[in-house]
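Asker: Right, I'll just put the structure down here and ask away after.
The numbers here are math on the coordinates, done by the rules we state, and not lab data. Given the structure is predicted, the values throughout are model-derived calculations rather than measurements. All Cβ positions, even for glycine, are placed from backbone atoms using ideal geometry, and neighbour counts span all protein chains on display.
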Ligand code: SAH
Ligand code: SF4
Ligand code: F3S
């Protein structure tokens, strides 16, 4: 061996992530936790000594993916063992939390099963797994907070970064597993969030997206005692030098308070884009979903937001075919979409999740009906998204450049409304905001050219070249 001792001890880690942005963030933190044990990133599962599958339980299809992947990895593990090596296999995330015992029974070749609140204990689990015969399972909600025990963010996330500020949910919507997989609502203290934001900026981040299952319910301890709401936190974040853009997701309509709405009016770094899931436009269905708001409550929140920030673009989540949903209920959802107008949206067929109240409710909707409703809803949302993207053509606005484009000479950036923007430009713009003029709208992106004139939003010196696009919700 010619490598240094460090290289000889090097092990490779591959993490596959499904689900929401919180899982993307968690995967990065698991990599941080394992780095001191000598694990460096691998490009593929085949090239790794340890594979973590970070799973999502939100809909049935999301959970199904796990078992097919585990089947594939079993073969890889056997081949490795036959050659005298080994492969540590871990299942993390919300399926591990909800179905830990089932995974251990169905896939006994898995070494570690860990829930989202136990990632700080990973090194100890890896050590135990090397001694244990069966799987090491850690799916409790420990009294200590994982955030207090995770190492400081090590790896750079690039120009755009995620920062989890809140976890868990106490709202118990009828259809949703999150309160069971992520546990009770918890807000990180403001000082910890601000310190992490400063570290991210030092590592090259120019845009930070604050994450939480109910991010706008955040009420973290303030440095001076007492607590702050998210509006106040954004005001403090906006003061961090070099942090050019702020976003937050996912918000609940019930927690959109006056101070947070005012932040959209007062803070230029808070981007004019908000993901605000409404799920349905029918008050009957919203009540059955236990959402705690009506369709009109949602319309009023949107009106107040647009008053504060007239350029605001909205995105949302919709579920069709919740138990009890009639044609009239569905028509009310279509009407709400028509009235509000969305720049982007995610929509899903209701998927019965074990242990949730809606799973056993009467009035389950036939699959064919759900299919038809989803198609109609997605056609309307598609039209609105196309119209929004077309409305940007001819406009000049600031773009944050995040990385090189696919084609030679191209660079990629992000519009204020989160669309990817690609154009011909110098790589020295990466990590900076510069005005661009949009010449064409595409299904999910915009293209254009750098606007004549100076960079009127000079950013700090050139940052990391790695782009990081958000995973779909
Ligand atoms: N905390 C967010 C959303 C979390 S889950 C909120 O309060 O809205 C992301 C989205 O998945 C939800 O908004 C919902 O539209 C969808 N979803 C959750 N459970 C679902 C289920 N059982 N079937 C179909 N879609 C579901
Ligand atoms: Fe799930 Fe969001 Fe409802 Fe919480 S508020 S139960 S995360 S849909
Ligand atoms: Fe999925 Fe868990 Fe996120 S269920 S959407 S990974 S909170």
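Asker: With each label point set 7 Å from Cα along the Cα-Cβ vector, what nm distance links residue 262 and residue 317?
Answerer: 3.0
Asker: By its C-alpha gyration tensor, with a ≥ b ≥ c as the square roots of the eigenvalues, how is segment 29-87 shaped: rounded for a/c under 1.5, else prolate for a/b larger than b/c, else oblate?
Answerer: Oblate, because a/c is 1.5 or more while a/b does not exceed b/c.
Asker: If contacts are Cα pairs under 8 angstrom and at least 6 residues apart, what is the relative contact order of segment 146-391 in percent? List each step's numbers first, then the result.
Answerer: Values: 445 pairs, mean separation 40.4, N = 246.
Relative CO of segment 146-391 lands at 16 percent.
Asker: If each residue's Cβ is checked for other Cβ atoms within 10 Å, how do 396, 55, 356 rank with the fewest at the top?
Answerer: Numbers: 396 16, 55 27, 356 19.
Fewest-to-most ranking of 396, 55, 356: 396, 356, 55.
Asker: If I take the Cα coordinates of segment 88-245 and project them onto the principal axes, what are the three extents in Å, biggest first?
Answerer: Here the Cα extents, ordered largest to smallest, are 52, 37, 26 Å.
Asker: Using r as the Cβ-Cβ distance of residue 452 and residue 254, and R0 as 45 Å, what FRET efficiency do you calculate, to the nearest 0.05?
Answerer: Values: r = 46 Å, r/R0 = 1.01.
It comes out at approximately 0.50.
Asker: Quick check on the exposure proxy: order 37, 374, 260 from fewest to most C-beta atoms within 10 angstrom.
Answerer: On the way: 37 14, 374 18, 260 24.
Lowest to highest Cβ neighbour count: 37, 374, 260.
Asker: Once you have a ≥ b ≥ c as the square roots of the Cα gyration tensor eigenvalues for the chain, tell me rounded if a/c is under 1.5, and otherwise prolate or oblate according to whether a/b is larger than b/c. Numbers along the way, then the final one.
Answerer: On the way: a/c = 1.58, a/b = 1.15, b/c = 1.37.
Taking the square roots of the gyration eigenvalues as a ≥ b ≥ c, the chain is oblate.
Asker: While we're looking at this one, here's another question. Cut-off is 10 Å between beta-carbons; in what order do 383, 257, 26 appear when sorted fewest neighbours first?
Answerer: Working: 383 11, 257 15, 26 26.
Neighbour counts put them in this order, fewest first: 383, 257, 26.
Asker: Ok, one more. Considering only the chain, what is the antiparallel percent among its DSSP beta bridges, to the nearest 5? Provide the component values of the computation, followed by the final result.
Answerer: Numbers: 23 of 66 bridges.
The antiparallel fraction comes to roughly 35 percent.
Asker: What value in Å³ per residue do you get for the convex hull of the alpha-carbon atoms in segment 146-391?
Answerer: Working: hull volume 33.2 nm³, N = 246.
Roughly 135 Å³ of hull volume per residue.
Asker: Still on this structure: Could you work out the percent of alpha carbon pairs in segment 1-138 separated by over 24 Å, rounded to a whole number?
Answerer: Pairs farther apart than 24 Å: 24 percent.
Asker: Moving on to the next point. Counting each DSSP H run of 4 or more residues in the chain as -39500 (n - 2.57), what helix-only mean residue ellipticity at 222 nm follows after dividing by all residues, to the nearest 500 deg cm²/dmol? Could the numbers behind the result be given before it?
Answerer: Details: 14 runs with 162 residues, N = 473.
So the calculated ellipticity at 222 nm is -10500 deg cm²/dmol.
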